[in-house]
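K.L.:
Would you mind keeping the following structure in view while I ask a few things?
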Amino acid sequence: MKRGLRKLAALAALLAAMIAAGPAIAQKQGGILRAGHFDSPASMSMLEESTLAANRPTMSVFNNLVMFDQQVAQNSPKSIVPDLAMRWAWNEEGTELTMPLREGVKWHDGKPFTAKDVKCTWDMLTDRGNDKLRINPRRSWYDNLDTVTTSGDLEVTFRLKRPQPSFLTLLASGWSPVYPCHVSARDMRLHPIGTGPFKFVEFKPNEVIRVTRNPNYWKPGRPYLDGIEWTIVKDTSTRLLSFIASRADVYFGVTFPQLQDVKRQVPDAVCDSYLVNGSRNLIVNRGAPPFDNPATCGAQCR
């Protein structure tokens, strides 16, 4: 970016807080945010991908029906707020979720957003639509979803097989964008079209992903940034050095020792730390040597 934002070194990524919510970091209009990105995704289709390599740079291209309030530190059902849906209501049995939709929202190519787009998206996710996803990593999320029906252009109802209080939180996830019905799943892998604050510009594998400000975004005055440039640098140390050398404005994922080093080398950096919703696990196969024999395994098995 053209030094319009202060630097941020963080232990985890909360890009949506900068893009959608507009905290102190992003109050001034303009500038290109430059961010180092840890990997090159297989495609630009969020519905077909399962890692932050795709989610982080493309989330800003889309909107959800509902989302977690980006001003609340910890996600919970109580922090869910409307996005493309204006509100929501359950029937008495807890099996029908009805959502009136916002009027006047347009896709990046100028076509109007309607309830048909919502139905097409979840028909694809449940393998009921005419268009098919090549990979569908979140198909099991919607095993309890029976049908999606529309009432006119601006109302949609999700009908469940049985009550599922967690269903709304699935819709609020960053992995639950609404796709356009008039764009094929194949085309979304190469050039995604959304209703979000940023429009997709280009993806050069192993080089860069760029998005630019949507001048017709339906949230007045948003986004603050003119664009975001994600430079793909797979090596962690190189990515951090780029931040220290002022070639990037934001860095995600430092360790605490690294954080102290950054503060020494970049005194004006704004550093924050928080827990991420993820884990790394080592699973031991007790049926394979040497772990199958406690008598000979020794310290490795303790």
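The values are calculated or read from the model by the stated rules, or taken from the named source; none is laboratory data. The structure presented is a predicted model; accordingly, all values stated were derived computationally and were not measured. Here the Cβ positions follow ideal geometry from the backbone for every residue, glycine too, while neighbour counts run over all protein chains shown. Each accessible area value is taken on the protein alone, full model and side chains, heavy atoms only, with ligands, DNA and RNA left out. Shrake-Rupley method; radii C 1.70, N 1.55, O 1.52, S 1.80 Å.
K.L.:
Give the range 64-84 a look and list any residue that's aliphatic (A, V, I, L, M) and either open to solvent by 20 Å² or more (accessible area, probe 1.4 Å) or under 14 Å from residue 169 (Cβ atoms) (or both), or say none.
P.N.:
Listed by number, the residues that qualify are 65, 66, 67, 72, 73, 80, 81.
K.L.:
Regarding the range 97-106, can at least one residue be identified that is in a strand (DSSP E or B), touching a helix residue (DSSP H, G or I) at 6+ places or on another chain (Cβ under 7 Å), more than 28 Å from residue 210 (Cβ to Cβ) and touching a residue at least 60 places away in the same chain (Cβ under 8 Å)?
P.N.:
Yes, some residue in the range 97-106 is in a strand (DSSP E or B), touching a helix residue (DSSP H, G or I) at 6+ places or on another chain (Cβ under 7 Å), more than 28 Å from residue 210 (Cβ to Cβ) and touching a residue at least 60 places away in the same chain (Cβ under 8 Å).
K.L.:
Could you tell me which of the residues 195, 169, 212 is surrounded by 14 or more Cβ atoms within 10 Å (Cβ to Cβ) and over 29 Å from residue 248 (Cβ atoms)?
P.N.:
Checking each option against the conditions leaves just 169.
K.L.:
Which of the residues spanning the range 98-119 are in contact with an Asp or Glu (Cβ under 8 Å, 6 or more places away or on another chain) and under 19 Å from residue 173 (Cβ atoms)?
P.N.:
Correct list: 99, 101.
K.L.:
Another question about this same structure. Collect the residues in the range 223-253 that are in contact with a helix residue (DSSP H, G or I) (Cβ under 7 Å, 6 or more places away or on another chain) and more than 28 Å from residue 264 (Cα to Cα), keeping them in residue-number order.
P.N.:
Those that are in contact with a helix residue (DSSP H, G or I) (Cβ under 7 Å, 6 or more places away or on another chain) and more than 28 Å from residue 264 (Cα to Cα): 223, 224, 225.
K.L.:
Further question on the same structure: Please determine whether any residue of the range 215-226 is surrounded by 16 or more Cβ atoms within 10 Å (Cβ to Cβ) and in a strand (DSSP E or B).
P.N.:
Checking the range 215-226: not a single residue is surrounded by 16 or more Cβ atoms within 10 Å (Cβ to Cβ) and in a strand (DSSP E or B).
K.L.:
What about residue 9, is it part of a strand (DSSP E or B), modelled with pLDDT of 95 or more, over 27 Å from residue 164 (Cβ atoms) and open to solvent by less than 10 Å² (accessible area, probe 1.4 Å)?
P.N.:
Answer is no for this residue.
K.L.:
Further question: Looking at 246, 184, 273 in this structure, which one is of a type in the set (Ser, Thr, Tyr) and within 30 Å of residue 124 (Cβ to Cβ)?
P.N.:
Of 246, 184, 273, the one residue that is of a type in the set (Ser, Thr, Tyr) and within 30 Å of residue 124 (Cβ to Cβ) is 184.
K.L.:
Can you confirm whether the range 236-249 contains a residue that is more than 18 Å from residue 39 (Cβ to Cβ) and either open to solvent by 70 Å² or more (accessible area, probe 1.4 Å) or among the aromatic types (Phe, Trp, Tyr) (or both)?
P.N.:
Scanning the range 236-249 turns up at least one residue that is more than 18 Å from residue 39 (Cβ to Cβ) and either open to solvent by 70 Å² or more (accessible area, probe 1.4 Å) or among the aromatic types (Phe, Trp, Tyr) (or both).
K.L.:
State yes or no: is residue 185 open to solvent by less than 10 Å² (accessible area, probe 1.4 Å), in contact (Cβ under 8 Å) with a residue 60 or more places away in the chain, touching an Asp or Glu at 6+ places or on another chain (Cβ under 6 Å) and not charged (D, E, K, R)?
P.N.:
yes
K.L.:
Next question. Report, by residue number, each residue of the range 44-82 that is assigned to a loop (DSSP other than H, G, I, E, B), small (Gly, Ala, Ser) and modelled with pLDDT of 95 or more.
P.N.:
45
K.L.:
So, in the range 108-141, of the ones that are among the aromatic types (Phe, Trp, Tyr) and surrounded by 20 or more Cβ atoms within 10 Å (Cβ to Cβ), which residue ends up farthest from residue 161 (Cα to Cα)?
P.N.:
Filtering the range 108-141 for residues that are among the aromatic types (Phe, Trp, Tyr) and surrounded by 20 or more Cβ atoms within 10 Å (Cβ to Cβ), the one farthest from residue 161 (Cα to Cα) comes out as 113.
K.L.:
Another question, then. How many of the residues in the range 213-231 are within 17 Å of the chain's Cα centre (by Cα) and under 22 Å from residue 38 (Cβ atoms)?
P.N.:
4
K.L.:
Can you name every residue in the range 135-176 that is more than 20 Å from residue 62 (Cα to Cα) and part of a loop (DSSP other than H, G, I, E, B)?
P.N.:
143, 144, 151, 152, 161, 162, 163, 164, 165, 166
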